[in-house]
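**Student:** The structure follows.
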Amino acid sequence: MPKASELKRGEVVEIDGAPHIVKHLESKSPSSRGSSTLYKIRFNNLLSGQKRDVSVKGDEMYGVADFSRVQVLFSYIDDNQYIFMNTEDYTQYGLGIDGLEGQLEYLIDGLEGITALLVEGNIVAIDLPQSIVMSIDDTAPGIKGASASARTKPATMPTGLVVQVPEYMERGESIKINTTDGKYMARA
């Protein structure tokens, strides 16, 4: 049973009989000497999608949730369902738009390295890889002689994601993007 002080982003615990995933975690150390560190945690219920914010002490215990993680790749979109395929046994899972909040801009056809969270055989959430490679769909023309540490300009990706890239980048070039903050990392 993990303590609140041991939780990490993306970890799944059981609260009131339902699996919850840690979406945001923040620790606050009080200034008075006798006080203990408080942890402000945002959970998402994996079954209902409800958000739950709690402030607890570090020794608060949470139950272990019954779930499994499998490697999947993004296959296609069917109406409002995003279809993912298990890379080992080719089982297909559908996940609605509401279960992909903040992740839609990173989903491109054939994206590998995605970890799916399964509860009772149904996909409830996904974890994207740390970084992905996309080609620039639209941006202002590149400036000759611009250095890598100089100013940036907006670039639009095929999914609609807008990333700030160095001025020398051109349309059609592939870049590596950090999926946690949506920032440019390097040329791919």
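**Student:** So which of V12, V72 ends up being β-branched (V, I, T), assigned by TED's automatic domain parsing to the domain that holds L111 and at pLDDT 85 or above?
**Tutor:** Details: V12 fails: assigned by TED's automatic domain parsing to the domain that holds L111.
The unique qualifying residue is V72.
**Student:** Scan Y93, Y106 and give me the residue that is farther than 18 Å from K176 by Cα, modelled with pLDDT of 85 or more, outside the structural domain of S48 (by TED's automatic domain parsing) and surrounded by 15 or more Cβ atoms within 10 Å (Cβ to Cβ).
**Tutor:** On the way: Y106 fails: farther than 18 Å from K176 by Cα.
Being farther than 18 Å from K176 by Cα, modelled with pLDDT of 85 or more, outside the structural domain of S48 (by TED's automatic domain parsing) and surrounded by 15 or more Cβ atoms within 10 Å (Cβ to Cβ) holds for just one of Y93, Y106, which is Y93.
**Student:** Continuing with the same structure: Please verify whether Y39 is among the aromatic types (F, W, Y), touching a residue at least 60 places away in the same chain (Cβ under 8 Å) and farther than 27 Å from L107 by Cβ, treating the condition exactly as stated.
**Tutor:** Values: among the aromatic types (F, W, Y): yes; touching a residue at least 60 places away in the same chain (Cβ under 8 Å): no; farther than 27 Å from L107 by Cβ: yes.
The answer is no for Y39.
**Student:** Among the residues of the range 156-188, how many are touching a residue at least 12 places away in the same chain (Cβ under 8 Å) and part of a strand (DSSP E or B)?
**Tutor:** The total comes to 13.
**Student:** Evaluate the following for R52: is it of a type in the set (K, R), surrounded by 14 or more Cβ atoms within 10 Å (Cβ to Cβ) and either in a strand (DSSP E or B) or without any contact (Cβ under 8 Å) to a residue 60 or more places away in the chain (or both)?
**Tutor:** Answer is yes for this residue.
**Student:** Taking into account only those residues within the range 128-158 that are within 30 Å of L73 (Cβ to Cβ), surrounded by 13 or more Cβ atoms within 10 Å (Cβ to Cβ) and of a type in the set (S, T, N, Q), which is modelled with the lowest pLDDT?
**Tutor:** It comes out as T139.
**Student:** Which one of E112, E101, E120 is surrounded by fewer than 18 Cβ atoms within 10 Å (Cβ to Cβ) and under 19 Å from F43 (Cα atoms)? Walk me through how you get there before you give the answer.
**Tutor:** Details: E112 fails: under 19 Å from F43 (Cα atoms); E120 fails: under 19 Å from F43 (Cα atoms).
That would be E101, the only listed residue that is surrounded by fewer than 18 Cβ atoms within 10 Å (Cβ to Cβ) and under 19 Å from F43 (Cα atoms).
**Student:** Do we find that Y39 is of a type in the set (S, T, Y), surrounded by 13 or more Cβ atoms within 10 Å (Cβ to Cβ) and at pLDDT 90 or above in this structure?
**Tutor:** Against the criterion (of a type in the set (S, T, Y), surrounded by 13 or more Cβ atoms within 10 Å (Cβ to Cβ) and at pLDDT 90 or above), Y39 does not qualify.
Rundown of residues vs (1) at pLDDT 90 or above; (2) surrounded by fewer than 13 Cβ atoms within 10 Å (Cβ to Cβ); (3) in contact with a strand residue (DSSP E or B) (Cβ under 9 Å, 6 or more places away or on another chain), yes/no style:
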site	(1), (2), (3)
S5	no, no, yes
L25	no, no, yes
S35	no, yes, no
V64	no, yes, yes
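The values are calculated or read from the model by the stated rules, or taken from the named source; none is laboratory data. Given the structure is predicted, the values throughout are model-derived calculations rather than measurements. So basically every Cβ, Gly included, is an ideal-geometry build from the backbone, and we count neighbours across all protein chains shown.
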